[in-house]
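Structure record follows, encoded as structure tokens.
The values are calculated or read from the model by the stated rules, or taken from the named source; none is laboratory data. From a predicted model like this one, the values you see are computed outputs, not experimental measurements. Cβ atoms come from the backbone with ideal geometry, glycine included; neighbour counts cover every protein chain shown. What goes into the accessible areas is simple: the full protein's heavy atoms, side chains included, and nothing from ligands, DNA or RNA. Shrake-Rupley method; radii C 1.70, N 1.55, O 1.52, S 1.80 Å.
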Amino acid sequence: FSFSKVGDPCPGKPYKGGNFFAFLPDNREGQKTAMLLKKAFERGLTFQIKSCNGEERVMWGLIPHKTSWDGGKARNGFPDAQYLREVCTVL
């Protein structure tokens, strides 16, 4: 894929995408957070392009995401009682 955008470390140079998954609880706070994350995605704030081992790759940006249902905060998973509050503050 080749795309050039403000913040692209190597404009015009191809980069690799990836599969990204994130989890939210299915409750009112989780649904509110999902709407905010959607807005952030639409504004191009969810991902960034970074150089990794001489190759440009799409990676998570600065917005924290829960990428696992378990493992706690240390492994980007639940339980994490502060996550929804923290991510909404960032958003």
Carbon plus sulfur fraction of accessible area for the range 28-90, probe 1.4 Å, in percent: 55
ARG28 paired with CYS10, simple spin-label distance in nm, labels 7 Å along Cα-to-beta-carbon: 4.9
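Based on the Cβ-Cβ distance of GLN82 and GLU42, what FRET efficiency does E = 1/(1 + (r/R0)^6) give at R0 = 22 Å, to the nearest 0.05? Could the numbers behind the result be given before it?
Details: r = 26 Å, r/R0 = 1.17.
Once rounded, the FRET efficiency stands at 0.30.
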Lysine pairs in the chain with Cα atoms under 20 Å, if 8 or more residues apart or on separate chains: 10
Cleavage-rule hits (chymotrypsin sites (Phe, Trp or Tyr not before Pro)) in the range 54-91: DSSP loop, at most 14 neighbouring Cβ within 10 angstrom: TRP69
The range 36-66: trypsin sites (Lys or Arg not before Pro) in DSSP coil with no more than 10 other Cβ atoms inside 10 Å: ARG43
Karplus-derived 3J(HN,Hα), 6.51/-1.76/1.60, for each residue of the range 57-72, Hz, glycine and proline x: 9, 7, 9, 4, x, 8, 7, x, 10, 8, 9, 8, 6, 9, x, x
Using alpha-carbon coordinates, inclination of helix 28-42 to the longest axis of the chain, degrees: 10
Projected-area mean, the chain, by convex hull of Cα positions, square nanometres: 6.5
Probe 1.4 Å, protein heavy atoms only - accessible area per residue of the chain in square angstrom: 73
